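Have a look at the structure below, then the notes.
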Amino acid sequence: MIRLITITTLSLAATSAAGDILLEPPLDCDLTQTCYIQQTADHDPGPGAQDFQCGSLSYDGHKGTDFALPTLAMQTAGVDVLASAPGTVRGVRDDMADILQGTPGAPDVSDRECGNGIVVSHGDGWETQYCHMKKGSVTVQTGQTVAMGQVLGQVGLSGATQFPHVHLSVRKDRAVVDPFAPDALNTCGTVPDKTLWNTVVPFTPGGLISAGFSDTVPEFDTIKAGTAAQNAMPTTAPALVVWGFAFGGRTGDLMTLTIRGPQGDVFTNTQTLDRTQAQLFRAGGKRTPPGGWSAGDYTGTIELRRGGDLLDVQTTQITLN
């Protein structure tokens, strides 16, 4: 995942006041390459939802920041959850199954929406909570002191989750605080004077999660699982299809899919998003011509544009032989 962001992007490091907590991201990953921020705390005091930039990366009543993985395969391989600040473990749960909500057999998680998780107290009324961790992965226990960056466990699928991520909640005297805009939970739109981040944390208002080639339009579940992309196909495959998986899409955004092969351009198509969606994919391509495709390397390019500006771009490759 390599992002080219040409519209408003916040890469915010802390300029916090004395007494504020300083935080590091809670995932062992690169937020510009291998993971991303899917949702932030809700800044709309009413029934709607807005992130701190008045954008769509939140939902009604969301109380934290979701640091997401691009595929279920990455979650299965294992990604560590890290302590965002030093403190003392106040509570642990580690016995809930890793089952995405909305799938067959998903349990009722009422009053246990966090799933497997940890609460860490940092003193002076500050605490952090880490949700949706993998069953059996928690490495700490109640009363234990932890350091910033210490491994707490791994990302799971427990609780009320529909994609692999860790939900980080930050609270001061039990009140929700957005680390991107700690003084403005009920307002949005202005660049905050301070954050609670100890280092630069990139925030983008949407982008591309992954891209790939296949010989047909893939099922969304296979894209999210990380099994849709093919690295090679025969020149006689039924079709040549490129797809892009995105987050934070808004009504009116444009996604352009292009395929270029050994003989030049093969396919170009621009699709307009007809609604705002937390996650989505678009695909396009061509059926195989009589006699098959020319052998060689093919490059797919996916561009996501908003308001005429390039929001993100990804490329992917496949070999036909």
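The values are calculated or read from the model by the stated rules, or taken from the named source; none is laboratory data. Here the structure is a predicted model, which is why all the values come from computation and not from measurement. Backbone-built Cβ (ideal geometry, glycine too); neighbour counts: all protein chains shown. Protein only, heavy atoms only, side chains kept; ligands, DNA and RNA dropped before computing areas. Shrake-Rupley method; radii C 1.70, N 1.55, O 1.52, S 1.80 Å.
Answer with yes or no whether F163 is open to solvent by 20 Å² or more (accessible area, probe 1.4 Å) and either within 16 Å of the chain's Cα centre (by Cα) or free of Cβ contacts under 8 Å to residues at least 40 places away in the same chain (or both). Step through it out loud before you land on a result.
Numbers: open to solvent by 20 Å² or more (accessible area, probe 1.4 Å): yes; either within 16 Å of the chain's Cα centre (by Cα) or free of Cβ contacts under 8 Å to residues at least 40 places away in the same chain (or both): yes.
For F163, the condition - open to solvent by 20 Å² or more (accessible area, probe 1.4 Å) and either within 16 Å of the chain's Cα centre (by Cα) or free of Cβ contacts under 8 Å to residues at least 40 places away in the same chain (or both) - is met.
Determine if the range 233-253 includes at least one residue that is among the small types (G, A, S), open to solvent by 10 Å² or more (accessible area, probe 1.4 Å), in a strand (DSSP E or B) and in contact with a Pro (Cβ under 6 Å, 6 or more places away or on another chain). Write out each step before concluding.
Taking the range 233-253 as the starting set, the residues that turn out to be among the small types (G, A, S) are 237, 239, 244, 246, 248-249, 252.
From what is left, the residues that are open to solvent by 10 Å² or more (accessible area, probe 1.4 Å) are 239, 252.
Add one more test, that the residue is in a strand (DSSP E or B), and what stays is 239.
Going one step further and asking which of them are in contact with a Pro (Cβ under 6 Å, 6 or more places away or on another chain), we end up with none.
Checked the range 233-253: no residue is among the small types (G, A, S), open to solvent by 10 Å² or more (accessible area, probe 1.4 Å), in a strand (DSSP E or B) and in contact with a Pro (Cβ under 6 Å, 6 or more places away or on another chain).
Considering only residues that are assigned to a strand (DSSP E or B), under 24 Å from P70 (Cβ atoms) and open to solvent by 10 Å² or more (accessible area, probe 1.4 Å), which ones fall in the range 133-159?
Of the range 133-159, the ones assigned to a strand (DSSP E or B) are 133, 145-146, 151-155.
If we keep only those that are under 24 Å from P70 (Cβ atoms) too, we end up with 133, 151-155.
Scanning the range 133-159 gives V151, Q154.
Filter the range 60-77 down to the residues that are touching a residue at least 24 places away in the same chain (Cβ under 8 Å) and open to solvent by 30 Å² or more (accessible area, probe 1.4 Å), then identify the one that is nearest to N186 (Cα to Cα). It would help to see each step written out before you state the result.
Within the range 60-77, the subset touching a residue at least 24 places away in the same chain (Cβ under 8 Å) is 63-75.
Next, from what is left, pick out any that are open to solvent by 30 Å² or more (accessible area, probe 1.4 Å): 63, 72-74.
Numbers: K63: 12, L72: 34, A73: 37, M74: 35 Å.
Filtering first and then ranking leaves K63.
Please work out which residue is nearest to D60 (Cα to Cα), limiting yourself to the range 179-219 and to residues that are β-branched (V, I, T) and touching a Leu at 6+ places or on another chain (Cβ under 8 Å). So that I can check it myself, show each step before the final result.
Of all residues in the range 179-219, those β-branched (V, I, T) come to 187, 190-191, 195, 199-201, 204, 209, 216-217.
The next check asks that each one be touching a Leu at 6+ places or on another chain (Cβ under 8 Å); those that pass are 191, 195, 200-201, 204.
Values: V191: 22, T195: 22, V200: 27, V201: 23, T204: 20 Å.
Looking at the filtered set, the residue picked out is T204.
Only residues that are of a type in the set (D, E, K, R) and either in contact with a Phe, Trp or Tyr (Cβ under 6 Å, 6 or more places away or on another chain) or more than 29 Å from T40 (Cβ to Cβ) (or both): list them for the range 220-270, please.
Narrowing the range 220-270 to residues of a type in the set (D, E, K, R): 221, 224, 250, 253, 260, 265.
Result: R260, D265.
Across the range 93-105, what is the total count of residues that are on the phi < 0 side of the Ramachandran plot and either in contact (Cβ under 8 Å) with a residue 60 or more places away in the chain or surrounded by 15 or more Cβ atoms within 10 Å (Cβ to Cβ) (or both)?
Total satisfying the criteria: 8.
If A184 passes every condition in (1) open to solvent by 30 Å² or more (accessible area, probe 1.4 Å); (2) within 30 Å of G46 (Cβ to Cβ) but one, which one does it miss?
Result: A184 fails condition (1) only.
Looking only at the range 172-226, which residues are among the acidic types (D, E) and modelled with pLDDT of 95 or more? Don't jump to the end; show me each part of the working.
First, pick out the residues of the range 172-226 that are among the acidic types (D, E): 173, 178, 183, 193, 215, 219, 221.
Listed by number, the residues that qualify are D173, D178, D215, E219, D221.
Does V176 count as among the hydrophobic types (A, V, I, L, M, F, W, C), under 20 Å from C35 (Cα atoms) and in contact with a Leu (Cβ under 7 Å, 6 or more places away or on another chain)? Please lay out each step first, then the result.
Details: among the hydrophobic types (A, V, I, L, M, F, W, C): yes; under 20 Å from C35 (Cα atoms): no; in contact with a Leu (Cβ under 7 Å, 6 or more places away or on another chain): yes.
Considered against the rule, which asks whether it is among the hydrophobic types (A, V, I, L, M, F, W, C), under 20 Å from C35 (Cα atoms) and in contact with a Leu (Cβ under 7 Å, 6 or more places away or on another chain), V176 comes out as no.
Is it the case, given these coordinates, that L69 is in contact with a helix residue (DSSP H, G or I) (Cβ under 6 Å, 6 or more places away or on another chain) and under 30 Å from F245 (Cα atoms)? Lay out the reasoning, then the answer.
Numbers: in contact with a helix residue (DSSP H, G or I) (Cβ under 6 Å, 6 or more places away or on another chain): yes; under 30 Å from F245 (Cα atoms): yes.
Judged against the criteria, L69 is a match.
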